[in-house]
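Asks: Have a look at this one.
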Amino acid sequence: QGDSDDDIDYMFKVVLIGDSGVGKSQLLNRFVRNEFHMKSKATIGVEFLTKTVLMDHKHVKAQIWDTAGQERYQAITTAYYRGATGALLTYDVTKRHSFNHVEKWLDELHMHADKNIVVMLVGNKSDLNSIREVPTEEAKDFAKQKGLFFIETSALDSNNVEPAFLGLLSQIYMAVS
Ligand code: GDP
Ligand code: MG
């Protein structure tokens, strides 16, 4: 990637949260490596991946943290959230319960993260529209009511993956610059 830290104007830590199986790791895989795996491993093997983007002529380095599957046991530690300026809170549009759990994830953020953390609600697997259980409008209304940004994505066909991450990063950028 070739970005020595000297060239970096801003570094933002972003955390991926949401139920197990919603596609967090594959969203990250798509955004950073432009890859997708149907047989996703429980973890991509590292704590975080980084990607540097140009924003308003500034080099913004995103350090994006993925879980190693701890969310299955509700065992995400405070260290995971420490210093995070943004969160991508993902649910699966084909799994109603993953959307119902969003509220629980917001409580988790409230307890462990900075109170000014910027949150992007992400409805992933939009490619599976025929078996959708969560209507777009319902999620949009919910996000509005909770003061979250909202987008639907597909890590499989790439739809909206860049806008999801870049949208979150630009909101963080606007908040800190
Ligand atoms: P995580 O537990 O939230 O990290 O979820 P993963 O990224 O491991 O994905 C769980 C499963 O959903 C894997 O089989 C992925 O291939 C699949 N998956 C992830 N994103 C998408 C998507 O956008 N569309 C479809 N159809 N499958 C997806
Ligand atoms: Mg994962």
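Asks: For region 43-67, enumerate the residues that are out of contact with any strand residue (DSSP E or B) (no Cβ under 7 Å at 6 or more places or on another chain) and within 14 Å of ligand 1 (Cβ to nearest atom).
Replies: Restricting attention to region 43-67, the residues satisfying the condition of being out of contact with any strand residue (DSSP E or B) (no Cβ under 7 Å at 6 or more places or on another chain) are 43-46, 54-57.
Of everything in region 43-67, those that are out of contact with any strand residue (DSSP E or B) (no Cβ under 7 Å at 6 or more places or on another chain) and within 14 Å of ligand 1 (Cβ to nearest atom) turn out to be 43, 44, 45, 46.
Residues are listed down the side, and each one gets a yes or a no for (1) of a type in the set (Gly, Ala, Ser); (2) within 16 Å of ligand 2 (Cβ to nearest atom); (3) at pLDDT 95 or above:
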site	(1), (2), (3)
93	no, no, yes
103	no, no, yes
106	no, no, yes
122	no, yes, yes
134	no, no, yes
139	yes, no, yes
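For every residue, the table says whether it meets (1) at pLDDT 95 or above; (2) in contact with a Cys (Cβ under 7 Å, 6 or more places away or on another chain); (3) hydrophobic (A, V, I, L, M, F, W, C); (4) closer than 22 Å to residue 158 by Cα.
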position: 11; (1), (2), (3), (4): yes, no, yes, no
position: 15; (1), (2), (3), (4): yes, no, yes, yes
position: 23; (1), (2), (3), (4): yes, no, no, yes
position: 39; (1), (2), (3), (4): no, no, no, yes
position: 42; (1), (2), (3), (4): no, no, yes, yes
position: 76; (1), (2), (3), (4): no, no, yes, no
position: 90; (1), (2), (3), (4): yes, no, no, yes
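Asks: Also: Against the definition (crowded, with 20+ Cβ neighbours inside 10 Å, in contact with a strand residue (DSSP E or B) (Cβ under 9 Å, 6 or more places away or on another chain) and in contact (Cβ under 8 Å) with a residue 12 or more places away in the chain), how does residue 176 come out, yes or no?
Replies: Taking the combined requirement at face value, the residue does not satisfy it.
Asks: Within region 47-70, which residues are within 15 Å of residue 176 (Cβ to Cβ) and of a type in the set (Lys, Arg)?
Replies: 58, 61
Asks: Working only within region 70-101, note down all residues that are out of contact with any helix residue (DSSP H, G or I) (no Cβ under 9 Å at 6 or more places or on another chain) and of a type outside the set (A, V, I, L, M, F, W, C).
Replies: Answer for region 70-101, where residues must be out of contact with any helix residue (DSSP H, G or I) (no Cβ under 9 Å at 6 or more places or on another chain) and of a type outside the set (A, V, I, L, M, F, W, C): 72, 73, 83, 95, 96, 97, 98, 100, 101.
The values are calculated or read from the model by the stated rules, or taken from the named source; none is laboratory data. Every value quoted in this text rests on a predicted model; they were computed, and no experiment measured them. Here Cβ is always computed from backbone atoms with ideal geometry, including for glycine, and neighbour counts include all displayed protein chains.
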